[in-house]
Ligand SMILES: Cc1cc2nc3c(=O)[nH]c(=O)nc-3n(C[C@H](O)[C@H](O)[C@H](O)COP(=O)(O)OP(=O)(O)OC[C@H]3O[C@@H](n4cnc5c(N)ncnc54)[C@H](O)[C@@H]3O)c2cc1C
């Protein structure tokens, strides 16, 4: 264990033992009671499968766009139970996981993607306002920080807005910061679970029916209609939206396009005013460091620090299992790195520890498509960027189902799909080699032959 004595390691284990293994956002009396499952057969116009942000935005937008359309949302588990209720709550204006990724992949349409992303963020803010969703949605800016000398250049020291070590430490005080840059308006912070519950309520207020505890086991087409098999019966519809994220895709050919990657998070107890003053952070920006393996962290409305990222973990055979939500090795690493970043918070305890699964694809942002002769639409592969982009995805899928060409459906980003991952054991071997190479690159500042080859092929692995 680097830089940690045995007694400090024991202390970290004690602190982690005391934290509950539950996502902070879901550990609240504000969590709504589960809605009843669908029992027996049902008939509707549009069936949406998945009750995370992608499915919820789709259900809401479907009603806003066509109030007479009947919409039924099926969630296998509970609304916001998975990535949607476990994330950092960074609601980004980017649809492409940042400008560099977007410009490299779609240089000709990047300006349009950038505009659509900003419009999307503004539309999310307007939705929160219109339906009075109480979810601490705030645009406080995001601070990118360099913590290793070779990361400073990426923050463009010669451009306006660059913050040297002293300037960045006046905003947020960590001895690890070497430089920084603030993006004032490109990202909001939100309590993701309360946003999701608010979207569910808003959708219901427009007439959407939401069923929890209802897994879709199979989708098929018969006599021009979509059939969705559930444990209790069959749902018949004109169209279906597949918003199942990292879980087993209902269209077999999508199987290879994503891999489930676990990402882990800790939350502290609420900081006292003195503890907060020791860090500064009066601007309450979201923060991300600049490594290939990066931390993201932020304050909650009640002054906890939510601290996540860094160690993206893939399990052989695309395994997803609730037992993997809690991973001591990663939580220990995160706790050590937290105290290194904020040594002035040494005595602060963690109250929550959790993990969640991310649908990683080889291009780092969502891809789209249709199946069942145009009656099914899907959006998958958000790769850790779905809090905001899921709203754009909802409209893109509804456009695809409507069959009309729109600005969204004409985009190469929407029309083209990324390269798939290989089957096992090659997926596992390739991902482990990539993780190892990224960790090396963080130390050396140089990308090895493997990473340069992936870069040339436009492939990658990320959380
Ligand atoms: C730890 C973590 C941190 C993250 N941080 C950020 C961040 O700060 N910013 C950001 O933009 N993104 C972040 N993300 C990613 C973001 O959370 C997701 O991209 C977003 O929530 C995706 O929502 P979704 O609806 O596609 O997926 P989910 O929330 O996973 O929802 C999919 C739902 O479909 C249901 N389902 C699956 N199969 C079926 C079936 N057959 N029948 C019925 N239901 C089914 C599942 O039960 C699940 O509830 C993070 C993710 C994690 C895990």
Margin query: residue 241 - would you say it is assigned by TED's automatic domain parsing to the domain that holds residue 50, within 24 Å of residue 83 (Cβ to Cβ) and touching a strand residue (DSSP E or B) at 6+ places or on another chain (Cβ under 7 Å)?
Written below: yes
Next item on the list: Quickly run through the stretch 446-463 and pick out the residues that are touching a residue at least 12 places away in the same chain (Cβ under 8 Å) and exposed (fewer than 14 other Cβ atoms within 10 Å of the Cβ).
Entry: 457, 458
Check: In the stretch 260-276, which residues are surrounded by fewer than 24 Cβ atoms within 10 Å (Cβ to Cβ) and either in a helix (DSSP H, G or I) or within 14 Å of the chain's Cα centre (by Cα) (or both)?
Finding: 260, 261, 262, 273, 274, 275, 276
Note to self: Need the failing condition index for residue 207 against (1) touching a strand residue (DSSP E or B) at 6+ places or on another chain (Cβ under 9 Å); (2) outside the structural domain of residue 88 (by TED's automatic domain parsing); (3) not in a helix (DSSP H, G or I), just the number.
What the structure shows: (2)
Item checked: Residues within the stretch 183-223 that are more than 13 Å from the ligand (Cβ to nearest atom) and either surrounded by 18 or more Cβ atoms within 10 Å (Cβ to Cβ) or farther than 30 Å from residue 168 by Cα (or both), tallied -> 15
Next item on the list: Give the residue, chosen from 251, 227, that is outside the structural domain of residue 436 (by TED's automatic domain parsing), within 16 Å of the ligand (Cβ to nearest atom) and without any contact (Cβ under 8 Å) to a residue 40 or more places away in the chain.
Entry: 227
Checklist line | Which listed residue is surrounded by fewer than 20 Cβ atoms within 10 Å (Cβ to Cβ) and at positive phi, from 89, 98 | finding: 98
Next item on the list: Mind telling me which of the residues 335, 312 ends up being modelled with pLDDT under 95 and either buried (at least 16 other Cβ atoms within 10 Å of the Cβ) or out of contact with any helix residue (DSSP H, G or I) (no Cβ under 9 Å at 6 or more places or on another chain) (or both)?
Entry: 312
Check: So residue 74 clears everything in (1) more than 15 Å from the ligand (Cβ to nearest atom); (2) farther than 21 Å from residue 128 by Cβ; (3) out of contact with any helix residue (DSSP H, G or I) (no Cβ under 8 Å at 6 or more places or on another chain) except one condition, right? Which one?
Finding: (1)
Check: Pick from the stretch 277-291 the residues that are within 16 Å of the ligand (Cβ to nearest atom) and assigned to a strand (DSSP E or B): which of them is modelled with the lowest pLDDT?
Finding: 289
Check: Got a number for residues in the stretch 114-140 being buried (at least 19 other Cβ atoms within 10 Å of the Cβ) and farther than 16 Å from residue 386 by Cα?
Finding: 4
Notebook entry, point to check: Wholly within the stretch 297-380, which strands (runs of 3 or more DSSP E) include no fewer than the required count, namely at least 2 residues that are under 25 Å from residue 172 (Cα atoms)?
Noted result: 305-309, 350-360
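The values are calculated or read from the model by the stated rules, or taken from the named source; none is laboratory data. All figures in this text were calculated on a predicted structure; none of them were measured in a lab. Positions of Cβ are backbone-derived with ideal geometry, glycine not excepted, and every protein chain shown enters the neighbour counts.
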